[in-house]
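The following block contains the structure, expressed as structure tokens.
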Amino acid sequence: MNFDEILKIIFLSTLCFILAACATQEEKEEDKPVTTAEAFPSTYQAIASQPVIIRNATILTGTGEQLSGVSVLMVNGRIQSIDRQIANPGSAKIIDATGKWLTPGLIDVHSHLGVYPSPSHEANADGNELTNPNTAEVWAEHSVWTQDPQFTLALAGGVTTLQVLPGSANLFGGRGITLKNIPARTVQAMKFPGAPYSLKMACGENPKRVYGERNQAPGSRMANVAGYRSAWIEAKAYLKKFEEYEEELAKGEEPDEPERNLQLETLAEVLKGNILVHNHCYRGEEMAVMIDIAKEFNYKITAFHHAVEAYKIADILAENNVCAAMWSEWWGFKHEAFDMVEENVAMVDAAGACAIVHTDSPIGIQHMNQETAKIIAAANKSGFKVSPAHAIKWITLNAAQALGIEEQTGSLEVGKMADVVLWDGDPFSVYSRAEMVFIDGAQVFDLNDRSLQPATDFDLGILDPEGERL
Amino acid sequence: MKQIIYSFLLLICCSVIHGQEILIQNVTVHTQSDKGTIENTSIYIVDGQIEAIGARLDVASDTKIIDATGLQVTPGLINPYTALGIIEIGAVRSTVDVETDDEMFSTSYNIAPAFNPASSLIPLNRTHGLTMAIVAPDSGHHVFAGQAALVHLRRSGDLLIDRSIAMFARFGARAGRFAGGSRAAAYAKMRHAFLDTKEYVENSDAVMRGNWRDLSLPKHDLEALVPVVEGTKPLVIDVHRASDIRTLLELKKEFNLNIIIVGGAEAWMVADELAAENVPVILDPMYNLPGNFDRLGARMDAASLLHRAGVKLIFTALTTSHNPFLVRQSAGNAVAHGLPSTEALMAMTINPAEIFGIDDRFGSIEEGKVADLVIWDGDPLELLTRAETVIINGELIPMVSRSSRLRERYRNLNDSTPYIYRK
């Protein structure tokens with residue numbers, strides 16, 4: 001824990017004490033505005049680690065470079081040095097990675113681990129609040145089962161960070177959360193420190209099917225759009241109320257605090273630029289409509305997810321600085337997923353837009369490198385030139401950018417979190433596996449050391465407690 | 001008359017196609033026969049068949065020559081558990097024929113009449129080297145799903161080359177639901193069906209005359225089960241839990257059935273018993289989730305463990321309805337987790353051919369066999385490798401699909417031709 005965090009905890013606990021004490025004098029103090037504490041703050045703490053030097057690996061930096069003959073030094077959870085000559089600070093563990101490859105930890109921007117866990121059954125399927133087309137008030141993190149064995153399987157696939165999203169049944173599905181992939185006893189202890197929240201929105205077939213079948217709006221794509229716009233109009237009014245309140249306070253007046261509304265609070269935070277919009281949207285024309293809605297209400301769409309038709313509007317995505325998160329070749333499960341192109345990611349990338357490979361799958365998340373390899377193969381075969389050093393960005397730095405954490409992680413650069421995967425071969429070979437995974441400089445997985453193969457509570461007593469399922 | 005002319009033209013066109021002679025030169029051949037892998041050789045294809053394999057071959061003068069220097073050839077890939085041609089778009093019900101809820105049918109439900117050879121899934125899968133598939137029904141209401149068809153993904157002629165190659169069924173939690181809430185009831189239902197089929201076989205005249213007690217299945221369903229109880233038609237059972245697999249092995253012994261396990265998440269736990277009973281497993285090596293309480297023991301190295309115990313393996317890809325060609329990725333992952341690569345290739349070629357009894361024509365590169373071949377631009381199991389050329393029934397397959405045509409249409413967004421005229 002760093003000093004700031006300690007101070008924060010002291011401050012918060014003092015505040016609690018004061019508030020508790022104040023409660024008895026409630027009547028006297030009632031005029032004073034009550035400051036709302038941050039809800040569900042991250043309590044994530046990096047695992048203590050000794051310095052590590054990794055030598056002789058082939059390195060894909062995540063910034064587009066491939067390096068060899070270079071060593072990486074990780075100290076206190078950060079990448080301290082990437083250089084030809086690195087002196088051992090003394091206590092460092094030295095790993096000779098001859099023949100092995102080093103990449104940033106992989107990042108999946110679209111996951112439902114914990115909210116749709118394994119085993120999957122009605123009692124723990126908690127990813128969709130199917131009761132209203134606008135459930136911006138719900139937060140995916142409150143559904144996360146931290147003992148979902150899918151977290152540790154994803155870790156064995158080199159995934160160090162993931163965004164857990166609500167499902168796509170609603171126009172506004174709720175808040176998503178970015179987690180460090182270290183299963184903990186509480187979800188707060190997995191929350192990526194400082195990562196912004198996201199808002200899951202959904203276009204197309206899912207919302208109109210779910211509600212249309214109940215003879216309720218939206219029953220069509222046009223009602224989807226009316227639904228988004230009506231909600232943003234309300235959110236603008238709500239935001240204005242609070243802005244006026246703040247202004248009056250600043251003038252020294254004593255205004256009544258407007259009543260909080262969890263749904264509108266999330267939308268208002270989007271309008272203020274504090275929450276990032278992640279928008280499930282398959283079809284080209286729908287993405288273009290969503291971009292116009294964002295302009296009308298002056299918010300930003302960070303990324304379209306499942307953007308099967310992104311290649312059709314790649315120039316529009318580039319122009320509007322919107323990322324597209326895509327699959328390799330999933331298609332056909334819905335009509336809006338019918339126009340699959342195997343080179344989609346490479347085409348979006350070639351148009352200068354931010355391209356991301358996402359999985360939305362507890363199996364896919366274990367093989368993000370393989371999903372990327374298939375795209376590299378398809379693209380190079382049909383004349384797009386994609387190098388491994390460039391393609392790794394689709395599952396590292398570009399993904400970090402979409403989550404608003406690109407300053408902290410997503411590439412091997414000095415000063416960044418030491419979220420690192422050492423592969424036992426070329427990461428784009430089907431035969432290669434993540435041999436060691438580091439999160440904030442601490443080794444959290446080792447292919448050859450059972451003591452570093454984590455098992456969730458669920459695994460114990462059901463499988464070999466030493467992680468035999470892997 | 002019009003029809004006659006049309007048929008005549010068809011005959012000409014197809015005989016031309018079949019008459020095409022092809023020589024693949026300078027290639028590494030994974031024969032999947034006892035000849036193993038042969039380097040720097042040639043394959044000569046005549047009339048849809050493999051005519052000869054060897055370094056120096058005499059060929060007809062108009063033979064199409066393919067120089068495959070540095071490339072590798074395998075037999076066409078076979079996936080024995082797909083929904084090809086019976087599903088176009090998952091969420092568009094009118095295009096989905098996978099299962100029936102009609103209680104009139106169980107074992108007599110045959111998927112063949114639903115198969116659509118014009119499905120857009122087929123060209124895509126062909127370009128990735130899939131040349132043959134079993135199209136299997138799923139269970140809508142009964143432990144028996146019905147009869148599956150064998151489909152040869154050639155471009156001409158009838159693709160359905162066996163309209164009833166196997167009976168599919170289900171056991172475990174989901175079968176229990178179909179049988180009133182318990183897997184024990186599903187077991188009883190299955191066992192009674194076999195007992196009644198035997199009774200039907202022995203007394204069919206009386207049963208047909210109506211001069212017999214009521215049996216547990218209608219006559220058409222009993223009739224469909226006859227080859228299963230006689231052991232001539234494989235019974236492919238979707239089952240995962242180890243205890244359920246053991247139960248099925250008992251049933252196999254009691255009725256002398258020809259059982260194949262599909263799914264088999266916990267099959268590795270009973271690998272020795274499966275090997276002793278000579279029961280093969282259709283496995284997706286990538287499906288390692290404890291996705292439900294029947295599958296808690298799923299693991300990535302299951303293929304390797306089963307192989308070491310002597311169980312014959314076939315691979316499939318369980319997470320995709322539209323891309324059964326991804327069986328190749330499943331095979332590669334099995335190798336990454338300990339399976340020898342020769343075995344992984346066999347599990348997509350000669351093993352399914354042998355197990356489903358079509359190895360006289362398919363599954364390996366040998367003289368006299370049907371010319372279903374894939375030329376790969378690298379290691380056939382690697383994901384960075386692509387199919388360079390696909391030959392089915394001796395015919396070169398155009399490497400075109402809806403996907404590739406959409407790619408070409410949108411390749412250059414600045415093209416001055418409005419996109420709807422780019423084809």
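The values are calculated or read from the model by the stated rules, or taken from the named source; none is laboratory data. Bear in mind the structure is a predicted one, so any value in this text is a computation, not a measurement. As a convention, Cβ positions derive from the backbone with ideal geometry for all residues, glycine included, and neighbour counts pool all protein chains shown. Each accessible area value is taken on the protein alone, full model and side chains, heavy atoms only, with ligands, DNA and RNA left out. Shrake-Rupley method; radii C 1.70, N 1.55, O 1.52, S 1.80 Å.
Taking the Cα centre of the protein assembly as shown as the origin, how large is its charge dipole in debye, to the nearest 20, when only Lys and Arg (+1) and Asp and Glu (-1) carry charge on their Cβ atoms?
Dipole about the Cα centre, nearest 20: 1380 debye.
A further question follows. What is the sum of charges around A:Lys236, taking Lys and Arg as +1, Asp and Glu as -1, for the other residues whose C-beta is under 12 Å from the C-beta of A:Lys236?
+1
Determine the distance separating the Cα centre of the stretch B:130-200 from the Cα centre of the stretch A:366-441; give it in Å without decimals.
The distance from the Cα centre of the stretch B:130-200 to that of the stretch A:366-441 comes to 42 Å.
Principal axis lengths of chain B from Cα atoms, whole Å, largest first?
Projected onto its principal axes, the Cα set of chain B covers 68, 59, 50 Å.
Given contacts defined as C-alpha pairs under 8 Å and at least six residues apart, what's the relative contact order of the stretch B:77-362, whole-number percent?
Numbers: 581 pairs, mean separation 45.1, N = 286.
Dividing the mean separation by the residue count of the stretch B:77-362 yields 16 percent.
If you take the beta carbon distance between A:Lys251 and A:Glu38 as r and set R0 to 22 Å, what does 1/(1 + (r/R0)^6) give as a FRET efficiency, to the nearest 0.05?
Using R0 = 22 Å, I get an efficiency of 0.25.
So how do B:Asp359, A:Asp148 rank on accessible area, 1.4 Å probe, biggest first, that is with the largest at the start?
B:Asp359, A:Asp148
Using a 1.4 Å probe on the protein heavy atoms only, what accessible surface does B:Thr69 show? Give it in Å² to the nearest 10.
Near enough 90 Å² of accessible area.
Rg and Dmax of the protein assembly as shown, Cα atoms, in Å?
29.8, 106
May I pose another question? Go ahead and collect, in residue order, the members of the stretch B:364-379 whose backbone nitrogen is under 18 Å from a label point 7 Å along the Cα-Cβ direction of B:Gln49.
Taking a point 7 Å out along Cα→Cβ of B:Gln49, the residues of the stretch B:364-379 whose backbone N falls under 18 Å are B:364-373.
Within straight cross-link reach of B:Lys423, meaning Cα distance under 23 Å, which lysines are found once same-chain residues fewer than 8 apart are removed?
Candidates past the 8-residue exclusion: A:Lys312, A:Lys381.
Could you tally the net charge around B:Val135, taking each other residue with its Cβ under 12 Å from the Cβ of B:Val135, Lys/Arg +1 and Asp/Glu -1?
For residues surrounding B:Val135, the net value is -2.
Determine, from the Cβ-Cβ distance of A:Ala288 and B:Lys253 and an R0 of 60 Å, the FRET efficiency 1/(1 + (r/R0)^6), rounded to the nearest 0.05.
Between A:Ala288 and B:Lys253 the formula returns 0.45.
Right, here's the next one. How large is the accessible surface of A:Glu129 in square angstrom, using a 1.4 angstrom probe and rounding to the nearest 10?
Counting only protein heavy atoms, A:Glu129 exposes about 80 Å² to solvent.
Right, here's the next one. Restricting to DSSP loop positions (anything but H, G, I, E, B) with no more than 16 other Cβ atoms inside 10 Å of their own Cβ, which GluC sites (Glu not before Pro) remain in the stretch B:221-298?
Taking the stretch B:221-298 and a limit of 16 other Cβ atoms within 10 Å, the loop GluC sites (Glu not before Pro) found are B:Glu230, B:Glu277.
Exactly which trypsin sites (Lys or Arg not before Pro) in the stretch A:378-428 are in a DSSP loop and have at most 16 other Cβ atoms within 10 Å?
Those satisfying the criteria are A:Lys385.
Among the listed pairs A:Lys272/A:Lys416; B:Lys198/B:Lys252; A:Lys180/A:Lys416; A:Lys272/A:Lys300; A:Lys241/A:Lys272; B:Lys189/B:Lys219, which have their C-alpha atoms separated by more than 19 angstrom in this model?
Beyond 19 Å between Cα atoms: A:Lys272/A:Lys416.
Below 10 angstrom from the Cβ of B:Ala242, what's the summed charge of the other residues (Lys, Arg +1; Asp, Glu -1)?
Summing Lys and Arg as +1 and Asp and Glu as -1 gives -2.
Counting only heavy atoms of protein chains, what accessible area per residue, in Å², does chain B have with a probe of 1.4 Å? Mind showing how you got there, number by number?
Details: 17140 Å² over 423 residues.
Normalised by residue count, the accessible surface of chain B is 41 Å².
What fraction of the DSSP beta bridges in the protein assembly as shown is antiparallel, stated in percent and rounded to the nearest 5?
55 percent
Multiplying the sequence separation of B:Asn278 and B:Lys35 by 0.36 nm and subtracting their Cα-Cα distance, what value in nm do you get?
Stretched fully, the B:Asn278-B:Lys35 segment lengthens by 85.0 nm.
What shape does chain A have by the C-alpha gyration tensor, where a ≥ b ≥ c are the square roots of the eigenvalues, rounded means a/c under 1.5, and otherwise prolate means a/b greater than b/c and oblate the rest?
Judged from the Cα gyration tensor, chain A comes out oblate (a/c at least 1.5, b/c at or above a/b).
Counting pairs of alpha carbon atoms under 8 Å apart in space and at least six apart in sequence, what relative contact order in percent does the stretch B:309-423 give?
15 percent
Additional query: Could you tell me the total accessible area buried at the A-B interface, probe 1.4 Å, in square angstrom to the nearest hundred?
4500 Å²
Based on DSSP H assignment, which helices of chain A show an axial Cα extent of at least 24 Å together with a mean Kyte-Doolittle hydropathy greater than or equal to -0.5?
The answer, listed by residue number, is A:3-23.
Return the FRET efficiency for the residue pair B:Arg308, A:Met222: r is the Cβ-Cβ distance, R0 is 56 Å, and the value is rounded to the nearest 0.05.
0.40
Describe numerically, in nm with one decimal, the distance between label points set 7 Å from Cα along Cα→Cβ at B:Ser341 and at B:Asp67.
2.5 nm
Starting with the highest mean, order A:233-242, A:205-214, A:39-48, B:414-423 by the number of other Cβ atoms within 10 Å, averaged over the residues of each peptide.
Highest mean packing first, the order is A:205-214, A:233-242, A:39-48, B:414-423.
Return, ordered by residue number, the residues of the stretch B:251-268 whose backbone nitrogen is under 20 Å from a label point located 7 Å along Cα→Cβ of B:Lys198.
B:251-260
Which Cα, out of A:Tyr211, B:Ala136, A:Ile79, lies furthest along the positive dipole direction of the protein assembly as shown (beta carbon charges, K/R +1, D/E -1)?
Result: B:Ala136.
Sequence gap at least 6, Cα distance under 8 Å: using those rules, report the relative contact order of chain A to the nearest whole percent.
18 percent
Helix hunt in chain B: which complete DSSP H runs extend at least 18 Å axially by C-alpha with mean Kyte-Doolittle at least -1.0?
Qualifying helices: B:2-19, B:183-202, B:242-255.
Please identify, among B:Phe293, B:Phe171, B:Phe362, the residue showing maximal mean-square fluctuation in a Gaussian network model of chain B using a 10 angstrom Cα cutoff.
Result for chain B, Cα springs under 10 Å: B:Phe293 fluctuates most.
Continuing with the same structure: Between B:Gly90, B:Gly310, B:Gly357, where does the largest GNM mean-square fluctuation fall for chain B, given springs only between Cα atoms within less than 10 Å?
Between B:Gly90, B:Gly310, B:Gly357, it is B:Gly90 that shows the largest mean-square fluctuation.
Here's a follow-up. Pick from B:Val59, B:Val151, B:Val335: which is most flexible by mean-square fluctuation in a GNM of chain B where alpha carbon atoms under 10 Å apart are linked?
In the Gaussian network model the winner is B:Val59.
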